[in-house]
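Here is the structure we will look at.
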Amino acid sequence: GQQVMQIPQYQHVQEGEDFTTYCNSSTTLSNIQWYKQRPGGHPVFLIQLVKSGEVKKQKRLTFQFGEAKKNSSLHITATQTTDVGTYFCAGRGYQKVTFGTGTKLQVIP
Amino acid sequence: EAGVVQSPRYKIIEKKQPVAFWCNPISGHNTLYWYLQNLGQGPELLIRYENEEAVDDSQLPKDRFSAERLKGVDSTLKIQPAELGDSAVYLCASSKNLLGRSGTGELFFGEGSRLTVL
């Protein structure tokens, strides 16, 4: 079945440093979504990527979808304490959406 | 616009007891999902509804789990009997179909129901 892995599992950064999480699917995806889950909260939608090689930006966040539509990345520039949480990718394959394993981000002030 | 509403937020039961969770999705959202989330892991799909039809229940342990979405609006998820390993957060989500294609929109999650089985 479809599997979606994320690395790293955990990341501690000093406030102001950059952060990147990578998402890899075992199968080709039709699209990919990214979600953020704050501690004790529920996943909240960030963005959806559909096209091969697509790049989208939201302020300090940059999202990429790989050319083969099997991988994606989220990059945060100059992290802030408000960026703390777990970031999940969710890949849509044939009639299925599979969430990744998540990357937990800790930001040290 | 009201979000996805779930109840109860917390439930503590002894093993072998039954438990039920309720979800009211965002108005107008055709697709409703039930996910299970264990600590430190990503949400895992249990069942997906299109209106009142369960279109994907392949991951639902049907020996003890059941779900329904009567009238295609709110939904209940039941576990009977509960086991220790069922302790987790049960998330409900809904989405609006884009261009008539099932489940293509962003997912809106409820706050979740945290189950502890003793």
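Quick note: the coordinates plus some simple rules give every number you see, no bench work behind them. What you see is a predicted model; the values in this text were computed from it and never measured. No Cβ is skipped: glycine too gets one built from the backbone with ideal geometry, and neighbour counts run over all protein chains shown.
Would you confirm whether any residue within the range B:63-72 is part of a strand (DSSP E or B), more than 14 Å from chain A (Cβ to nearest Cβ), without any contact (Cβ under 8 Å) to a residue 40 or more places away in the chain and over 26 Å from A:ARG92 (Cβ atoms)?
Looking only at the range B:63-72, we keep the residues that are part of a strand (DSSP E or B), and these are B:65-68.
Now narrow it down to the ones that are more than 14 Å from chain A (Cβ to nearest Cβ): B:65-68.
This time we only want the ones that are without any contact (Cβ under 8 Å) to a residue 40 or more places away in the chain, so: B:65-68.
Cutting the leftovers down to over 26 Å from A:ARG92 (Cβ atoms) gives us B:66.
Yes: the range B:63-72 contains one or more residues that are part of a strand (DSSP E or B), more than 14 Å from chain A (Cβ to nearest Cβ), without any contact (Cβ under 8 Å) to a residue 40 or more places away in the chain and over 26 Å from A:ARG92 (Cβ atoms).
Given the structure, is B:VAL89 β-branched (Val, Ile, Thr) and in contact with a His (Cβ under 9 Å, 6 or more places away or on another chain)? Let's see the steps before the verdict.
On the way: β-branched (Val, Ile, Thr): yes; in contact with a His (Cβ under 9 Å, 6 or more places away or on another chain): yes.
Yes.
Being closer than 25 Å to A:THR86 by Cβ, away from every other protein chain (no Cβ under 12 Å) and among the hydrophobic types (A, V, I, L, M, F, W, C) narrows it down to one residue among B:LEU107, B:LEU36, B:LEU84; which is it?
Numbers: B:LEU107 fails: away from every other protein chain (no Cβ under 12 Å); B:LEU36 fails: away from every other protein chain (no Cβ under 12 Å).
Going through B:LEU107, B:LEU36, B:LEU84 in turn, just one is closer than 25 Å to A:THR86 by Cβ, away from every other protein chain (no Cβ under 12 Å) and among the hydrophobic types (A, V, I, L, M, F, W, C): B:LEU84.
Restricting to the range A:50-91, what's the tally of residues that are polar (S, T, N, Q), assigned to a loop (DSSP other than H, G, I, E, B) and surrounded by 19 or more Cβ atoms within 10 Å (Cβ to Cβ)? Break it down stepwise before answering.
As a first pass, look at the range A:50-91 and keep what is polar (S, T, N, Q): A:52, A:58, A:62, A:64, A:71-73, A:77, A:79-82, A:86.
Adding the requirement that they be assigned to a loop (DSSP other than H, G, I, E, B) leaves A:52, A:77, A:79-80.
Adding the requirement that they be surrounded by 19 or more Cβ atoms within 10 Å (Cβ to Cβ) leaves A:79.
Here the count works out to 1.
Scan the range A:92-109 for residues that are within 14 Å of chain B (Cβ to nearest Cβ) and in a strand (DSSP E or B) and jot them down. Full working, then the answer.
Step one: list which residues in the range A:92-109 are within 14 Å of chain B (Cβ to nearest Cβ), which gives A:92-106.
Across the range A:92-109, the qualifying residues are A:ARG92, A:GLY93, A:LYS96, A:VAL97, A:THR98, A:PHE99, A:THR103, A:LYS104, A:LEU105, A:GLN106.
Hey, does the range A:19-40 have a residue that's basic (Lys, Arg), part of a strand (DSSP E or B), out of contact with any helix residue (DSSP H, G or I) (no Cβ under 8 Å at 6 or more places or on another chain) and closer than 28 Å to B:GLN59 by Cβ? Lay out the reasoning, then the answer.
As a first pass, look at the range A:19-40 and keep what is basic (Lys, Arg): A:36, A:38.
Narrowing the set further to residues that are part of a strand (DSSP E or B) leaves A:36.
Still in the running and out of contact with any helix residue (DSSP H, G or I) (no Cβ under 8 Å at 6 or more places or on another chain): A:36.
Okay, now just the ones that are also closer than 28 Å to B:GLN59 by Cβ, so A:36.
Yes, that holds for at least one residue.
Can you pull out the residues in the range A:9-29 that are loosely packed, with under 13 Cβ neighbours inside 10 Å and closer than 17 Å to B:GLY40 by Cβ?
A:TYR10, A:HIS12
Report, by residue number, each residue of the range B:73-92 that is hydroxyl-bearing (Ser, Thr, Tyr) and assigned to a strand (DSSP E or B).
Our first condition is that a residue be hydroxyl-bearing (Ser, Thr, Tyr); within the range B:73-92, this holds for B:75-76, B:87, B:90.
Passing the criteria: B:SER75, B:THR76, B:TYR90.
Among the candidates B:LEU60, B:LEU77, B:LEU91, which residue alone is closer than 22 Å to B:PRO18 by Cβ, of a type outside the set (Val, Ile, Thr), facing chain A (nearest Cβ under 8 Å) and buried (at least 16 other Cβ atoms within 10 Å of the Cβ)?
Step by step, each of B:LEU60, B:LEU77, B:LEU91 is checked, and only B:LEU91 is closer than 22 Å to B:PRO18 by Cβ, of a type outside the set (Val, Ile, Thr), facing chain A (nearest Cβ under 8 Å) and buried (at least 16 other Cβ atoms within 10 Å of the Cβ).
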